[in-house]
Amino acid sequence: MQQKKQIKIASIKQASKVFDKKYALKDITLNIYQGEVLAILGPNGAGKTTLINLMLGRLSLSSGDINILGYQPGDIALKRLSGAMLQVAKLPDMSTIKEHIELFQSYYVTPMPYQQVIALAGLTEIENSLSKNLSGGQKQRLLFALSICGNPKLLFLDEPSVGMDINARKSLWQAITALKQQGTSVILTTHYLEEADQLSDRIIMINQGCIIEQGSPSVIKSRVNSKLIRFFSTDKISHFSALSTVKHIEKSGKYYEIQSNYPENTLKELFAMNTDIADISITGADLEEAFILINEDAELDKSA
Amino acid sequence: MQSTLSLQPNLWRIYFLEAKTETMRLLRTPGFYIPTFLFPMMFYSFFGIMFSMSAAMPTYLMVTYGVFGIIGPALFSFGVGIAVERGQGWFDIKEVSPMPASAYIFARVALTFIFSLVIVLSLFIIGSIFADVVLWQSQWLLIAVILVIGSIPFCAIGMTLGLYLKSNSAPATVNLIYLPMGFLSGLWLPITMLPDFLQSFANVLPPYHLAQLALKVIDMDIGANIWLHIIVLVADSLAFMLLASKAYNKKDKQ
């Protein structure tokens, strides 16, 4: 990985949020650096939106501290340095794309030139369409345009590519990459693991209000490299607890299922054991499965 | 870190664009503005002219339907407009953007003023042409000013409703407030035609006070102190602005 000087633009220190005496977010500590794309992944209700809303100042902290570009969340001066694309069901019907963008540009001190906004968001031929006539994907592109039109230093994108077709998604990715190269930091939540993989420098996974995993996509993907070893055995589960390279073991029916990051070593150990094994199969976990797996692990750790 | 404190966008430009955007939206939505114009004119032509019961009635009702007319856009533009934008999530986008809250309010108040002025002028035209309403020039002018400025408390009420109501129930709720409040304030029929207990009840309704204030210009009010009306209207405006700003600035709304 290339080494570059990292300038910290935001720090979140032991941020917690309690709703109804339950932690929606617990002791999150996180730094955000200039020009990085940070993807926040996690199942619904994990705390992703809570974290974003705390950073946007829409929620108040129960404890901890958040400082972004020298301001507290929600400060108008901070809003002028950031842009946010949230999930919106509908935009006001009777304004054109151009009117929407020109209005939002006026909120900022040094907005991005209009033509550049239009080009980056891919809205060139539909500038004069009323928003009521836009498709789901076009609507998303307009919301993206509104979030970037102020030349933000920090950009929040909440599920930006929902409803976009593959071409629109690709051009969105190009636009995000272009902004990143200008030094914009991007915080992205997404359901598409491929999106996080393509765009982000860093991924954090949140579940049950905690960061359960973080690192570059390649680090996260190494978790993905875990294989599922499935075999038949009459031995007790305790028999296999001696295996050193196993991440997770489970009995389903008469079969055992072992998750391992180092399947070759696990197999060697397994064969070295004095045990009866039959009908063995090995399958690789894909991104989606690994994602589920990491989250399940976190849940198991919690309940254990 | 570089200093960014001193940098501010041009506030007047934001106000102008925000108002322009709202106005363009309205002009493209005849389904909203046509009924809002037509209702007061229709009611006035009906009760104030066709079924007029005395010589003074067309003049009296021109003023009270003017009050009725200006309340509509204020309550609906703020009350329903904000509730719907909140429901759609659009209000959230505005809230996290660097839009000054004052620009949002300015735009809608400006629009309500324009809307109110057109309604009041239309009623004046109908009254003077079809019902021979004759007033001094200064009276026409003063009534128009009172009615247009008088929409402010209803903007504040609308804003509060818009911030508390759910989008799907907002139109019905606003109508449920608008129409009975109008009737009970003596806007549809002269207040003196209502039973006594309703006449005293009218004292708590802001449209009643605005109507009395405007009727004072032509000596048709019931004769209460002018300051009573002014104080009630100002107090209502402040109270609802406070409620609205409390709702707006409340964090952790889910």
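The values are calculated or read from the model by the stated rules, or taken from the named source; none is laboratory data. Owing to the predicted nature of the structure, the values given are computational and were not obtained by experimental measurement. Methodologically, a virtual Cβ is constructed for each residue, glycine included, from the backbone with ideal geometry; neighbour enumeration extends over all protein chains shown.
Laid out as a table, the results:
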{"quantity": "Segment A:127-157: number of residues that are at pLDDT 90 or above, outside any loop (DSSP other than H, G, I, E, B) and farther than 17 Å from A:ALA175 by Cβ", "calculated": "4"}
{"quantity": "Subset of segment B:100-133 [without any contact (Cβ under 8 Å) to a residue 40 or more places away in the chain and of a type outside the set (Ser, Thr, Tyr)]", "calculated": "B:PHE113, B:LEU117, B:LEU121, B:ILE125, B:ILE129"}
{"quantity": "Verdict on B:SER138 being more than 14 Å from chain A (Cβ to nearest Cβ) and not aromatic (Phe, Trp, Tyr)", "calculated": "yes"}
{"quantity": "Spans of strands (runs of 3 or more DSSP E) in segment A:1-90 with at least 2 residues away from every other protein chain (no Cβ under 14 Å)", "calculated": "A:8-19, A:22-33, A:37-41, A:63-68"}
{"quantity": "Residue selected from segment A:158-183 under the condition of a type in the set (A, V, I, L, M, F, W, C) and outside any loop (DSSP other than H, G, I, E, B), by the criterion surrounded by the most Cβ atoms within 10 Å (Cβ to Cβ)", "calculated": "A:ILE176"}
{"quantity": "Listing of helices (runs of 4 or more DSSP H) fully contained in segment B:67-162 that carry 3 or more residues being within 18 Å of B:PHE43 (Cα to Cα)", "calculated": "B:101-130"}
{"quantity": "Per-region count, segment B:78-135, residues of a type in the set (A, V, I, L, M, F, W, C) and within 14 Å of chain A (Cβ to nearest Cβ)", "calculated": "14"}
{"quantity": "Candidates A:SER129, A:SER147, filtered to the one that is in contact with a Ser or Thr (Cβ under 8 Å, 6 or more places away or on another chain) and more than 8 Å from every other protein chain (Cβ to nearest Cβ)", "calculated": "A:SER129"}
{"quantity": "Enumerated strands (runs of 3 or more DSSP E) restricted to segment A:209-291, each holding at least 3 residues that are closer than 30 Å to A:LYS21 by Cβ and at pLDDT 80 or above", "calculated": "A:210-215"}
{"quantity": "Hits in segment A:64-107 (condition: free of Cβ contacts under 8 Å to residues at least 24 places away in the same chain, surrounded by fewer than 19 Cβ atoms within 10 Å (Cβ to Cβ) and under 22 Å from B:PHE16 (Cβ atoms))", "calculated": "A:ILE76, A:GLU102"}
{"quantity": "Flag for B:MET241 being of a type in the set (A, V, I, L, M, F, W, C), touching a residue at least 12 places away in the same chain (Cβ under 8 Å) and over 26 Å from B:GLY48 (Cα atoms)", "calculated": "yes"}
{"quantity": "Any hit, segment B:38-50, residues being assigned to a loop (DSSP other than H, G, I, E, B) and either surrounded by fewer than 24 Cβ atoms within 10 Å (Cβ to Cβ) or in contact with an Asp or Glu (Cβ under 7 Å, 6 or more places away or on another chain) (or both)", "calculated": "no"}
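Each row is one residue, and each column tells you yes or no for (1) over 24 Å from A:TYR192 (Cα atoms); (2) out of contact with any strand residue (DSSP E or B) (no Cβ under 9 Å at 6 or more places or on another chain); (3) buried (at least 20 other Cβ atoms within 10 Å of the Cβ).
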site	(1), (2), (3)
A:ILE203	no, no, yes
A:GLY209	no, no, yes
A:GLY215	no, no, no
A:VAL219	no, no, no
A:PHE232	yes, no, no
A:HIS239	yes, yes, no
A:HIS248	yes, no, no
A:TYR255	yes, no, no
A:ASN261	no, no, no
